[in-house]
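Participant: Got a structure for you, written out below as structure tokens; questions coming shortly.
The values are calculated or read from the model by the stated rules, or taken from the named source; none is laboratory data. Note that the coordinates shown come from a computational prediction; the quantities given were computed from them, not determined experimentally. Positions of Cβ are backbone-derived with ideal geometry, glycine not excepted, and every protein chain shown enters the neighbour counts. Heavy atoms of the whole protein, side chains included, go into the accessibility calculation; ligands, DNA and RNA do not. Shrake-Rupley method; radii C 1.70, N 1.55, O 1.52, S 1.80 Å.
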Amino acid sequence: MSLKQRLLLILLSAITGLWLIASLVIYHYSEHEVNEILDAHLAQTAALLMAQGLEQYDDDDEEDDDIDMEHAPLLHKYSRRVAFQLWYEGKRLTLHSQNAPNTLLSTQTEGFSDSVIEQQRWRVFSAWDQERKHLVQVAELILLRDEVVHDMTKSLVFALMIALPLMAGLIWWSASWGLKPLINLAQMLAHREPRNLTPLTLTAPAEVRPLIERLNSLFGRIQTMMDNERRFTADAAHELRTPIAGISAQVQVAQSATQETERQHALHYALQGCQRATHLIAQLLTLARLDSNANMQLQPCALRALMTEVVVELAPKAHEASISLELTEGEEVTIMGLPLLLQVLIRNLVDNAIRYTPAGTWVTLSLVNTPHPTLVVSDNGLGLSTEEMAKISQRFYRVLGNQASGSGLGLSIVERIAAIHQATVAFSKPASTSGLQVTVCFPKTSSRSL
């Protein structure tokens, strides 16, 4: 069922139901009002009869006990539905309509009453004159009153039957006009190219505007994801070309080598190229996964515990490079984050320091919680110039003249993970020595000390 059909069904059902309820209320109200009006008419008729026609029927002659009974003529076709009687002292009938019986219309001789005469229900009004010598009774068929009320109700129902089709057409037209922005939006999306992810520009009412905003937000996320995939493909193709070419060249040298020493030397360099390509692929895949993890639900993460795991993991590598790796003592700091990504951030910082710090130096990790949760990784290596610090976090940037193996992606990954956690990354020179210090400052609202 379409939205227009649903609106038509709901509105027509509601209108019909309300109209029927209103008809019932009007029926009962009209029945009461009609009875009030016609009762007043009966009382007024009785007053007129009493005022104009009673004196000529007074019995001034006490010796004459005979009084002629007269019949009032029927002047209208509906006159048979109304009857009246004039009684002298409530005992002798002096005047009555042709359709009135010769007996009292009602045994109740004061006010209004209901009476059944010849199997017909009558509404009767009875009244005495001031001297209580003459009794007037005026009656009306209750069937007449019912017909009046029924005619009024039929008029309402007939009006409803005429109005419903007109209202259905009006509602259909109104729904079509009101839903036009949705129809335009559907047509715009139907004719839109699959690669077209530009924001929708459509004038729409307030109810449709949130839908357009959500669609534009979705298009933006899809565009970002596609851009990341294109960048990943381009980066992988660009960066893997050199190590693969180097591996291929070294393998060719090994194949053509005539001496075992030359062959082993070529195979050694080919193995180093494979290791560099493996590290590069791992870093590229990490970058590709970061965007999909950006919307994951955060959870409490103990930073010092994560730092301890990374130190234990990279301690053999630091020992092999003759580098002292140390984690300073301090309290535990818990922040809201993604533990796997935070571990990657710490590992890349420590691994980067071990790779680019000469033998005989040290790498220190520290964690404080004042004024913000702050993670610091510092070394006393050769350090970097101010210009190099500004470029070091760019993708695939490597310091000229450095022979250490690497992909140039480690610090780019660090900054991306920090952005997901709304943290900042700063590069500086340690206060008391040469080298490089990397400071990651997390927002205070997401931390607590233990």
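Participant: In region 1-46, what residues are free of Cβ contacts under 8 Å to residues at least 40 places away in the same chain, within 26 Å of the chain's Cα centre (by Cα) and in a helix (DSSP H, G or I)?
Facilitator: Listed by number, the residues that qualify are Gln5, Arg6, Leu9, Ile10, Ser13, Ala14.
Participant: Would you check if Ile142 is farther than 30 Å from Val25 by Cβ and of a type outside the set (Phe, Trp, Tyr)? Spell out the reasoning first.
Facilitator: On the way: farther than 30 Å from Val25 by Cβ: no; of a type outside the set (Phe, Trp, Tyr): yes.
Taking the combined requirement at face value, the residue does not satisfy it.
Participant: A further question follows. Report the residue count in region 11-23 for those that are hydrophobic (A, V, I, L, M, F, W, C) and surrounded by 11 or more Cβ atoms within 10 Å (Cβ to Cβ). Steps first, please.
Facilitator: Narrowing region 11-23 to residues hydrophobic (A, V, I, L, M, F, W, C): 11-12, 14-15, 18-22.
When the remaining residues are screened for being surrounded by 11 or more Cβ atoms within 10 Å (Cβ to Cβ), the result is 11-12, 15, 19-20, 22.
Total meeting the criteria: 6.
Participant: Let me ask something else. Which of the following residues is open to solvent by less than 50 Å² (accessible area, probe 1.4 Å) and farther than 28 Å from Ile10 by Cα: Leu200, Leu189?
Facilitator: Numbers: Leu189 fails: open to solvent by less than 50 Å² (accessible area, probe 1.4 Å).
On inspection, the qualifying residue turns out to be Leu200.
Participant: Would you check which residues across region 303-337 are assigned to a helix (DSSP H, G or I) and either within 26 Å of Gln422 (Cβ to Cβ) or open to solvent by less than 60 Å² (accessible area, probe 1.4 Å) (or both) and list them?
Facilitator: Of the residues in region 303-337, the ones assigned to a helix (DSSP H, G or I) are 303-320.
Those that are assigned to a helix (DSSP H, G or I) and either within 26 Å of Gln422 (Cβ to Cβ) or open to solvent by less than 60 Å² (accessible area, probe 1.4 Å) (or both): Leu303, Arg304, Ala305, Leu306, Met307, Thr308, Glu309, Val310, Val311, Leu314, Ala315, Ala318.
Participant: If a residue has to be at pLDDT below 80, surrounded by 14 or more Cβ atoms within 10 Å (Cβ to Cβ) and of a type in the set (A, V, I, L, M) to count, how many in region 226-252 make the cut?
Facilitator: The total comes to 2.
Participant: Filter region 110-121 down to residues that are of a type in the set (S, T, N, Q) and open to solvent by 40 Å² or more (accessible area, probe 1.4 Å) and give me whichever is nearest to Arg145 (Cα to Cα). First the steps, then the outcome.
Facilitator: Taking region 110-121 as the starting set, the residues that turn out to be of a type in the set (S, T, N, Q) are 113, 115, 119-120.
Remaining after also requiring open to solvent by 40 Å² or more (accessible area, probe 1.4 Å): 119-120.
Values: Gln119: 17, Gln120: 13 Å.
Per the stated criteria, the residue is Gln120.
Participant: Follow-up question, since we're still on this one. How many of the residues in region 170-199 are hydrophobic (A, V, I, L, M, F, W, C) and over 16 Å from Glu213 (Cα atoms)? Give the derivation first.
Facilitator: In the first step, residues of region 170-199 are kept if they are hydrophobic (A, V, I, L, M, F, W, C); the result is 170-173, 175, 177, 179, 182-183, 185-186, 188-190, 197.
So of that shortlist, the ones also over 16 Å from Glu213 (Cα atoms) come out as 170-173, 175, 177, 179, 183, 190.
Total satisfying the criteria: 9.
Participant: Any residue at all in region 173-193 that's over 28 Å from Gln5 (Cα atoms) and outside any helix (DSSP H, G or I)? Steps first, please.
Facilitator: Let us first name the residues in region 173-193 that are over 28 Å from Gln5 (Cα atoms), namely 193.
Filter once more, so that each one left must be outside any helix (DSSP H, G or I): 193.
Yes, region 173-193 has at least one match.
Participant: So is Tyr88 hydroxyl-bearing (Ser, Thr, Tyr) and at pLDDT below 80 or not?
Facilitator: In short, no.
Participant: Moving on to the next point. Report those strands (runs of 3 or more DSSP E) wholly inside region 338-450 carrying at least 1 residues which are open to solvent by less than 70 Å² (accessible area, probe 1.4 Å) and either modelled with pLDDT of 90 or more or in contact with a Leu (Cβ under 8 Å, 6 or more places away or on another chain) (or both).
Facilitator: On the way: elements: 362-368, 374-379, 424-428, 437-441, 447-449.
Where strands (runs of 3 or more DSSP E) fall fully within region 338-450 and carry at least 1 residues being open to solvent by less than 70 Å² (accessible area, probe 1.4 Å) and either modelled with pLDDT of 90 or more or in contact with a Leu (Cβ under 8 Å, 6 or more places away or on another chain) (or both), they are 362-368, 374-379, 424-428, 437-441.
Participant: Can I ask one more? Among Ser176, Ser155, Ser106, which is the only one that is hydroxyl-bearing (Ser, Thr, Tyr), touching a residue at least 24 places away in the same chain (Cβ under 8 Å) and exposed (fewer than 13 other Cβ atoms within 10 Å of the Cβ)?
Facilitator: On the way: Ser155 fails: touching a residue at least 24 places away in the same chain (Cβ under 8 Å); Ser106 fails: exposed (fewer than 13 other Cβ atoms within 10 Å of the Cβ).
The unique qualifying residue is Ser176.
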